[in-house]
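Worksheet for the structure shown next.
Please treat every number below as a calculation from the coordinates, not as lab data. Small disclaimer: the values here were computed from a predicted structure and weren't measured. Neighbour counts run over all protein chains shown; Cβ positions are idealised from the backbone, glycine included.
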Amino acid sequence: MAEETMKTTAEEFDVDARWTVFTGILYGVLGGMSFIVQPGFVQGMTNYLGFSDAEAGYAISAEMIGFSAMTIILVFLSSRVNWRQTLRGLLCLIILGNVCAIFSEGFTAFAASRFVAGLGCGGIVSLGFAMVGMTSKPDRNFGLMIVASMIYGAVVLYCMPMFFEQFGMQGLLVFFGLFAVVGLFFVPNAPLGAEEQQQVEEDAVDLPWKVKGLALVAMLLFFLAQGAVWAYLGLMGETMGSDEQQVANALTLSQFPGILGALGPILLGAKFGRLPPLMIAMLASVTPLVYYLFGAAGVGAYLVMVLIYNFGFNLAHPYLLATMASFDRTGKVVVYAVALQTVGLAVGPALAALVVGGGNYGNVALLGIIFFTAALVFIAPPALAQRRHSLANSSEAGE
């Protein structure tokens, strides 16, 4: 098609067009469709496919390794490929991976199928994030993407137990495949490639790479923690005395404080700096894990735990992305940060699988506490440095 071969520029393609923004947000949700409901997905593997706790963790890790690999590949190729053709290929990979998973027999074949699906999902998330990052209001649009993810998670997590009872794991895999089919219809709304004039944060400053390196380590540590804890959060509920539906109900309700957390950067932005809300978010992430370690039990205790935890993660995520965007004026730090995010989500479940044993998830909670705390330690110096540079630049401009 002439449309596909035509070279577009920032002037010819409106990255702020309503359907383009919608498509970027849609692909952010679609690419993360299994990760968003990962606790229920892991429960399904253990309860309906007969996998052990460790095997379920390794299957999730296989998917996230594929996710991470494609994200890293697109760091180097996104400026050289036709995005629409690439999106179609990635969506077909998701469909293929889920079809193969439906007919797989045994853990190894299932894990291999999830790896293939992960390749497609990682690429879709990368390009979806890039589309949103190009817009003139990335803070707002990233927040909307996370709100959309929370709504998706609330609906799917709530329906999962009933869905599993009626259709088994195969029904969920069919749903994942059909979601990717829907994504094919929105490909024409995507740009053909990276725009030459990308937007950057208004308060972006150019920090030395040794400072930006600390921030990238923080991103990796944060998502190592999230990958480890999120994979086993549903099974933690079972050890606290909740049944499958009660776990699903708690995880569904946790999407609402998650939405509240995601609204923080939309409403407040960097008005009070980004480190204070990040400190609040890390505290909200660590407190429920400490709560679990000290033997909290009961349906109500689990509900409180996941409500606070999901608020913390979804407050931290957009602020971390916005913070990364403020560390240079080229946008490269965000690209590297998203790649490290996916590495953390890939390795985290495998690390958790190594330390989990006999249905005891205390080691997983401890792992999350250590990584979340370390992430805050590493992000604080670059966040403070950026704040100082930004205020200095504002003062000079005022003069």
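For the reader, a short list of remarks on this structure follows.
- Distance from the alpha carbon centroid of region 158-184 to that of region 112-134 works out to 19 angstrom.
- Summed side-chain charge close to S34 - residues other than S34 whose Cβ falls under 13 Å, Lys, Arg +1, Asp, Glu -1: 0
- Only Lys, Arg (+1) and Asp, Glu (-1) charged, at Cβ; the chain dipole about Cα centre in debye: 440
- Farthest positive-ward along the chain dipole, Cα basis, beta-carbon charges - from G362, M45, L233: G362
- For semi-axes √(5λ) of the Cα gyration tensor in Å, calculated from these coordinates, the label among [x] 43, 30, 17; [y] 51, 30, 19; [z] 32, 27, 17: [z]
- Based on C-alpha pairs under 8 angstrom that are at least 6 apart in sequence, the chain has a relative contact order of 26 percent.
- Exposure proxy for W19, W83: other Cβ atoms within 10 Å of each Cβ, ordered fewest to most, give W19, W83.
- Rounded to the nearest 500, the 222 nm mean residue ellipticity of the chain from helices alone is -27500 deg cm²/dmol, with -39,500 (n - 2.57) taken per DSSP H run of at least 4 residues.
- Of G106, G258, G31, the one that fluctuates the most in a GNM where the chain has Cα springs shorter than 10 Å: G106
- Sparse-neighbour loop sites [chymotrypsin sites (Phe, Trp or Tyr not before Pro); region 241-313; at most 12 other C-beta within 10 Å; DSSP]: F272, F294
- With at most 10 other Cβ atoms within 10 Å, longest stretch of the chain clear of loop trypsin sites (Lys or Arg not before Pro) (DSSP): 81-270
- Taking 0.36 nm per residue of sequence separation and removing the Cα-Cα distance, the R88/F167 pair yields an extension gain of 25.6 nm.
- Only one residue of G300, M33, L275 has its Cα farthest out toward the positive end of the dipole of the chain, where Lys and Arg carry +1 and Asp and Glu -1 on Cβ, and that residue is L275.
- When the chain is treated as a GNM with alpha-carbon contacts under 10 Å, the residue of F175, F67, F129 showing the greatest mean-square fluctuation is F175.
- Between F41, F371, F167, the residue with the greatest mean-square fluctuation in the GNM of the chain (Cα pairs under 10 Å linked by springs) is F167.
- Listed from fewest to most Cβ neighbours within 10 Å, the set S78, S61 follows the order S78, S61.
- Cα shape, region 288-373, gyration tensor, a/c 1.5 rule: oblate
- Global geometry of region 209-313, whether rounded, prolate or oblate, following the gyration tensor of its Cα atoms and the 1.5 cut on a/c: prolate
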